[in-house]
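This report concerns only the one structure given below.
The values are calculated or read from the model by the stated rules, or taken from the named source; none is laboratory data. Keep in mind the model is a prediction, meaning the values are calculated, not measured. All Cβ positions, even for glycine, are placed from backbone atoms using ideal geometry, and neighbour counts span all protein chains on display. Ligands, DNA and RNA are excluded from the accessible area calculation, which covers all protein heavy atoms including side chains. Shrake-Rupley method; radii C 1.70, N 1.55, O 1.52, S 1.80 Å.
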Amino acid sequence: QVTCVELVEAYVERIREVNPLINAVVKDRFEEALQEARQVDELLSEGPGDEYLEEKFPLLGVPITVKEAFALHGMPNTSGLVSRRNVIATSDAAVVSRLKQAGAIPLGVTNCSELCMWYESSNRVYGRTNNPYDLQRIVGGSSAGGEGGVLAAACSVVGVGSDIGGSIRMPAFFNGVFGHKPTTGVVPNDGQFPNARGVRTSFLCTGPMCRYAEDLEPTLRVMAGPGVNKLKLNEKVSLEKIKFHCMDHDGGSVFVSPVDKEILEAQRKVVERLEGELGVQVQRVAIPQMKYSFQIWSAMMSSKDSDGQDAQRFTDLLGDHGKPVWPLWELLKWLVGMSSHTLPAIALGLTEKLMRLSPGGNARLVSMGKSLREEMEALLGPDGVLLYPSHPTLAPKHHSPICMPFNFAYTAIFNVLGLPVTQCPLGLSREGLPLGIQLVAASYNDHLTLAVARYLEKAFGGWVVPGEA
């Protein structure tokens, strides 16, 4: 009924309409996208069978966007770092290549925080991205904030994100869309900057972001390639047989905000719906170590790998093979408006130096993280799903995350535990801001969280068009 050219033109028009307000797409490739759409229409007019096309090109003609930290041929690949302002990708990242081979059409690249390491998508190269539900609020990050905003504003069908502390799930939560962090080690991370090294390779995950829950699985299949066989996506899920567990909060960490009442209320409604409609018993659990989520994540992120290699330092990444960056000096320069780095990046560099002063404490926290992973795997088993807040607050106002910098611990803990997690929207708050929940399963049980997300989308309405609440 609709040609691929008409479809791509509609998305291009939508981006041109809303991007001046949200600043999510930082570089477009509209001409190339329309040319690729014409090629799709030609292929369809030649009339190869639908089954052949569906098997060979499962995402044929689907408009997508890619966070700028991933290499997309001909597009900038700065990760918001001023010293990389002139870097243009000469190839495609592994997942981008797979999506293109499956027939997807990239429309452009989207904004992220400086070096993908802060949960407000703002940098000195592209400026700040605004939340489509309230332009005075953040889209989240650390990396896929632009993706969250672009999807929420209906400028794209599928987004490519990656997640080492919540970079898929936080923007998905703040912008009322779906985001999936797969089981660690299934989807390749190659072709993004900065990429994980050492111990961090087992925490970084690349995954899909979408407006509709049903789009997560086909996109994940393409992204995973041969690795998809490790996941049980072909297994039929009986929701009534899932063992549901629920935690309202992390137990009261001093570093993290208390969970907002409306988020708790939304989670309570999910429990009531599951128990009322599916006849399941949702088990309330308390896991004391979750209170130390931020400390565990930080310690594990900075620990040595199995070969005794130190984790890559953030300050080295800031220098990007150039002159070393001294955080204290950059802070002084920032105070007089002369630093090319953002304040959160400078603060992270300072925090990193402090973390290295306590190796004994870090070792205890790494050990705590390993025991927490075992406890979680045992709790969830082959048929368990945990309900847990995606973030303690609704989308904050611009700049305010600097006052509560560790709130991302609610997502970050699952990176170091290696578990699959789906962020699922649950309608809007009284102020018109997105609500949501994390669905967590044991390793390689991504099929469970994806199935529950599809159910909750039907039950609570899923994505809501901004401005139409």
- Message: If I model a spin label as a point 7 Å beyond the Cα along the Cα-Cβ vector, how far apart are those points for residue 371 and residue 10 in nm?
- Response: 5.5 nm
- Item | Amide hydrogen neighbours beyond the local backbone of residue 197, cut-off 5 Å, H modeled | 312
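Which value, in Å², gives the accessible area per residue of the chain when a 1.4 Å probe is used on the protein heavy atoms? List each step's numbers first, then the result.
On the way: 19090 Å² over 469 residues.
Accessible area per residue: 41 Å².
Suppose only helical runs count, i.e. DSSP H with n ≥ 4. What mean residue ellipticity at 222 nm does that imply for the chain under -39500 (n - 2.57) per run, divided by all residues and rounded to the nearest 500 deg cm²/dmol? Mind dumping the intermediate values first?
Working: 15 runs with 170 residues, N = 469.
Calculated mean residue ellipticity at 222 nm is -11000 deg cm²/dmol.
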- Item | Answer label for Cα extents along the principal axes in Å (calculated), chosen among (1) 84, 54, 50; (2) 66, 57, 43; (3) 67, 59, 47 | (3)
- From the cross-link list 67/232; 236/269; 27/100; 27/397; 181/230; 181/232, which pairs have alpha carbons spaced over 20 Å apart? 67/232; 236/269; 27/397
- Note on the structure: Here the gain from full extension of residue 403 to residue 268, 0.36 nm per residue of separation minus their alpha-carbon distance, amounts to 45.8 nm
- Message: In whole percent, and with a 1.4 Å probe on the protein chains, what portion of the accessible area of the chain is carbon and sulfur?
- Response: 53 percent
